[in-house]
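The values are calculated or read from the model by the stated rules, or taken from the named source; none is laboratory data. Note that the structure is a prediction, hence the values are computed from the model and not measured. Here the Cβ positions follow ideal geometry from the backbone for every residue, glycine too, while neighbour counts run over all protein chains shown. Heavy atoms of the whole protein, side chains included, go into the accessibility calculation; ligands, DNA and RNA do not. Shrake-Rupley method; radii C 1.70, N 1.55, O 1.52, S 1.80 Å.
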Amino acid sequence: MKIALMDSGIGLLPAAAAVRRLRPDADLVLSWDPDGMPWGPRTPEDITERAIAVAEAAAAHEPDVLIVACNTASVHSLPAMRARFEPRLPIIGTVPAIKPAAAGGGPVAIWATPATTGSAYQRGLIERFADGVAVAEVACPGLADAVHHADDEAIDAAIASAAARTPDDVTTLVLGCTNYELVAERIRAAVQRPGRPPLALHGSAGAVAAQALRRIGVEPAPKATADTTLTVLLSGREATLPDTALSYDEGRFLRAVSPVR
């Protein structure tokens with residue numbers, strides 16, 4: 001079994017780690033785009049062009065399924081990607097976890113890149129799943145890029161800026177960019193208000209990993225024997241996990257359990 005994941009940057013690490021925990025016996029292909037990231041400030045047309053190129057690099061390794069572990073690419077590029085690759089290669093998108101977040105009643109805040117915030121796709125999810133729930137859309141310029149480069153000072157500044165624009169009464173926060181899941185606890189600490197109930201965070205890594213397995217008809221087997229490989233593609237070039245990826249628990253976990261081929 002071979003499962004590929006793609007993103008503009010290292011935001012694919014949480015979903016890759018989730019896949020690895022569900023199926024330790026699956027080979028992984030991680031494809032991202034250091035030459036073109038961040039994708040958030042790009043036009044939808046540019047995002048789609050780069051997303052398809054990154055997916056092509058992963059598809060060349062003949063995976064059984066491809067996870068688009070990027071909210072921005074999923075919001076803007078899924079139709080084009082599915083037209084290009086399916087049915088030969090199933091495509092699993094990642095969208096903001098608005099439905100489970102709104103089920104708690106809110107108020108809800110959605111942190112996302114500028115390209116995702118206010119997009120017709122995200123607005124459609126809000127209208128469909130959060131009708132009657134107070135939802136604040138919070139753009140987080142610079143946060144995805146700072147996380148990708150493991151720039152702690154820039155991460156703290158971007159989180160502080162977004163937290164200052166997040167309503168004080170929010171009870172639930174949607175992490176609408178996969179990069180943000182790598183710094184989830186730092187985000188929680190910045191948004192949690194004294195005296196308020198514990199903040200609920202909703203990411204997407206576990207859900208998309210499970211959906212990828214369902215799509216190819218296999219069950220989770222977390223105790224399966226791990227004898228697998230990890231292929232890393234940086235703008236199409238085979239490489240190893242960069243040091244920035246190893247700044248995060250998910251990157252260190254992947255390196256520890258799978259040799260990089």
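Before we move on, is Val95 over 28 Å from Ala59 (Cβ atoms) and within 20 Å of the chain's Cα centre (by Cα)?
no
If only one of Leu173, Leu234 is over 30 Å from Val108 (Cβ atoms), in contact with a Phe, Trp or Tyr (Cβ under 7 Å, 6 or more places away or on another chain) and not basic (Lys, Arg), which one is it?
Matching residue, one of Leu173, Leu234: Leu234.
From the list Pro107, Pro63, Pro87, which residue is over 27 Å from Pro41 (Cβ atoms) and touching an Asp or Glu at 6+ places or on another chain (Cβ under 7 Å)?
That would be Pro107, the only listed residue that is over 27 Å from Pro41 (Cβ atoms) and touching an Asp or Glu at 6+ places or on another chain (Cβ under 7 Å).
Can you name the residue in region 103-140 that is in a helix (DSSP H, G or I) and free of Cβ contacts under 8 Å to residues at least 40 places away in the same chain and is also most open to solvent (accessible area, probe 1.4 Å) among such residues?
Once the filter is applied, the top-ranked residue is Arg128.
Provide a single number: the residues in region 1-30 that are polar (S, T, N, Q) and out of contact with any Cys (no Cβ under 8 Å at 6 or more places or on another chain).
In the first step, residues of region 1-30 are kept if they are polar (S, T, N, Q); the result is 8.
Next, only the ones that are out of contact with any Cys (no Cβ under 8 Å at 6 or more places or on another chain) stay: none.
Residues in region 1-30 being polar (S, T, N, Q) and out of contact with any Cys (no Cβ under 8 Å at 6 or more places or on another chain): 0 in total.
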